[in-house]
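This report concerns only the one structure given below.
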2 protein chains.
Amino acid sequence: MSQSVVHPAAASKAEATRAAIVDTAERLFRTLGYQKTAVADIARELRMSPANVYRFFPSKAAINEAICTRILAGLEHLAWSIARGPGTPRDRLRALFRALQEQTITLFFQEKKMHDMVGAAMQEHWPVIEAHVDAIETAIRHILMDGQAEGSFARIDANQTAKIVHTAIVAFIHPQVVEQCADDDDQAALADAMASFVLRALRPHPDD
Amino acid sequence: MSQSVVHPAAASKAEATRAAIVDTAERLFRTLGYQKTAVADIARELRMSPANVYRFFPSKAAINEAICTRILAGLEHLAWSIARGPGTPRDRLRALFRALQEQTITLFFQEKKMHDMVGAAMQEHWPVIEAHVDAIETAIRHILMDGQAEGSFARIDANQTAKIVHTAIVAFIHPQVVEQCADDDDQAALADAMASFVLRALRPHPDD
DNA sequence: TGAGTGACAGAAATCGAAAATCGTCATATC
DNA sequence: GATATGACGATTTTCGATTTCTGTCACTCA
């Protein structure tokens, strides 16, 4: 049972076509929204038939997933760079909250169609969301463990605490909640106050 | 400019009719949902014309608001009774989180139509929601101040902290979020862990 | 043989007309 | 005068017909 041998030039042609599909989809999703963009629209822009798109993606849902993955990847990279960046763990945690809150509200205000798609992804449990939650909690856990290593955070279970911390900031990062509070001018300040509060919980205590 | 003199018997007849409208609306909302229940449906059950309903409520939205107020009043009374009840402030806060989480998920599983209405009320900023948020934060603040008075909670700003604590539990009490996580068996445990975490933040610290 | 497509069935979305709903007001009744 | 309603216009929702979309497959072509 040998695997089929893919010609290198063909593979790179297929990759280019796949990338073109993703790029086109992303552009159309930004303007029309993912629901209003048909696979035929994507194909038309690329001067190919819709059936050809299905040679690269098993379904339209897979295209949606790919675009949503792109959006969230930006956020995950930002979170990870903050988590591993300079500064004390305390400062990093605060910066992380601020960045997550800011990116979420910015997506809502500046890319409503993408914001709506991420919201739907969460609501409908698209696979990319579970990965996203993992990535954010990994970033939080990394900061927690750094804080524990340097003695500024209590030595409590880092896995569970990352999950709790993530849960505590749902109000600032969950698309539908953020949309509902979008008119409040003080969300950024509240996120910062939440960071201070969480840092109170994290610091070592004589009774620990 | 004398105020109109309302006959006592007439006032009590009007109150009874108003109450009958509310009771009927509540019953129909539970089975049909608030959107599918027409004012004419309510009137028909009471053998009156729809125009008569408008003598008691200025709009259908006002009826929706009245029913939503009833639901949330139950939750607010529960919160308040826990806040003022027996037990240490620490135990009370934990009991409050548990009760709020449990009531929210129960409403979803057992009264889906009512749950949906509360969710819409939050999303659309019905006036009753602001009052509800105030009531919950008042209950939290009461516990915080009791804890501060007895020395088990740090002396930090009780108003702001009540708001932060409330925000930290949005994941357990916000209808749309709760609905999205309804399949997770460990939400109750996570709410309890959140209580422990919040209590860590609240306890006095030598550096305070 | 790999790349690409036209044709197609079943499902979902859209459309425009009809029906229902909301809220108001003139009127009726006790 | 207080209580109640029929009639009505504007708006919203529903419904069945039509169109569009998703995904598949047999087929073509270089």
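For the range B:142-147, just list the computed ³J(HN,Hα) in residue order, Karplus coefficients 6.51, -1.76 and 1.60, θ = phi - 60°, integers in Hz, with x standing in for Gly and Pro.
4, 5, 4, 5, 4, x
Can you tell me the orientation of helix A:112-123 relative to chain A, as the angle in degrees between its alpha-carbon axis and the longest Cα principal axis, to the nearest 10?
The helix A:112-123 is inclined about 70 degrees to chain A.
How large is the charge dipole for the protein assembly as shown, taken about the Cα centre, if only the Cβ atoms of Lys, Arg (+1) and Asp, Glu (-1) carry charge, to the nearest 20 debye?
Details: 44 positive and 52 negative charges, 176 e Å.
With only Lys, Arg, Asp and Glu charged at Cβ, the dipole is about 840 debye.
Please average, across the residues of A:173-184, the number of beta carbons from any other chain that are within 10 Å of each residue's own beta carbon, and give a whole number. Please report the intermediate quantities before stating the final value.
Numbers: counts 0, 6, 1, 8, 8, 0, 1, 7, 3, 0, 1, 0.
Across the residues of A:173-184, the mean count of other-chain Cβ atoms within 10 Å is 3.
Holding the Cα-Cα limit at 19 Å, pick out from B:LYS60/B:LYS113; B:LYS13/B:LYS60; B:LYS36/B:LYS112; A:LYS36/A:LYS60; A:LYS113/B:LYS112; A:LYS112/B:LYS112 the pairs that are longer than that.
Details: B:LYS60/B:LYS113 17 Å; B:LYS13/B:LYS60 21 Å; B:LYS36/B:LYS112 14 Å; A:LYS36/A:LYS60 12 Å; A:LYS113/B:LYS112 28 Å; A:LYS112/B:LYS112 29 Å.
Among B:LYS60/B:LYS113; B:LYS13/B:LYS60; B:LYS36/B:LYS112; A:LYS36/A:LYS60; A:LYS113/B:LYS112; A:LYS112/B:LYS112, the Cα-Cα distance tops 19 Å for B:LYS13/B:LYS60; A:LYS113/B:LYS112; A:LYS112/B:LYS112.
Using alpha carbons only, how many degrees (0 to 90, rounded to 10) separate the axis of helix A:187-202 from the longest principal axis of chain A?
60 degrees
What ranking, highest mean first, results for peptides A:29-40, B:45-56 when packing means the other Cβ atoms within 10 Å averaged over each residue? Don't skip to the answer; put the middle values down first.
Values: A:29-40: 15.7, B:45-56: 13.7.
Ranked by mean Cβ neighbours within 10 Å, highest first: A:29-40, B:45-56.
Quick check: convex hull over the Cα atoms of the protein assembly as shown, volume per residue in Å³, rounded to an integer? Could the numbers behind the result be given before it?
On the way: hull volume 97.9 nm³, N = 416.
Considering the Cα atoms of the protein assembly as shown, their hull volume per residue is 235 Å³.
Does chain B classify as rounded, prolate or oblate by the C-alpha gyration tensor (a ≥ b ≥ c root eigenvalues; a/c under 1.5 gives rounded; else a/b over b/c gives prolate, otherwise oblate)? List each step's numbers first, then the result.
Details: a/c = 3.08, a/b = 1.81, b/c = 1.70.
The shape class here is prolate.
With r defined as the distance between the Cβ atoms of B:ASP186 and B:SER49 and R0 fixed at 35 Å, what FRET efficiency is calculated, to the nearest 0.05?
Working: r = 52 Å, r/R0 = 1.49.
Once the sixth-power term is evaluated, E becomes 0.10.
For the range A:23-32, take each phi angle, set θ = phi - 60°, evaluate the Karplus expression 6.51 cos²θ - 1.76 cosθ + 1.60, and give the result in whole Hz per residue in order, putting x for glycine and proline.
Each residue's phi maps through the Karplus curve to give 4, 5, 4, 4, 5, 5, 4, 5, 9, 9 Hz.
Per residue of A:199-205, how many C-beta atoms from partner chains lie within 10 Å of its own C-beta, taken as a mean? Can you show the working numbers first?
Values: counts 1, 11, 9, 3, 4, 1, 6.
Rounded to a whole number, the mean comes out at 5.
What number, in percent, do you get for the relative contact order of chain B if the mean sequence gap of Cα pairs under 8 Å and at least 6 apart is divided by its residue count?
Values: 183 pairs, mean separation 43.4, N = 208.
The value is 21 percent.
Once the Cα atoms of helix A:60-83 and of chain A are each reduced to a long axis, what angle between those two axes, in degrees from 0 to 90 to the nearest 10, is obtained?
Computed tilt is about 30 degrees.
Read-outs throughout are calculated quantities, based only on the coordinates presented, and are distinct from any laboratory measurement. Since this is a predicted model, take the numbers as computed values, not measurements. A quick note on method: Cβ atoms are made from the backbone with ideal geometry, for glycine too, and the neighbour counts reach across all protein chains shown.
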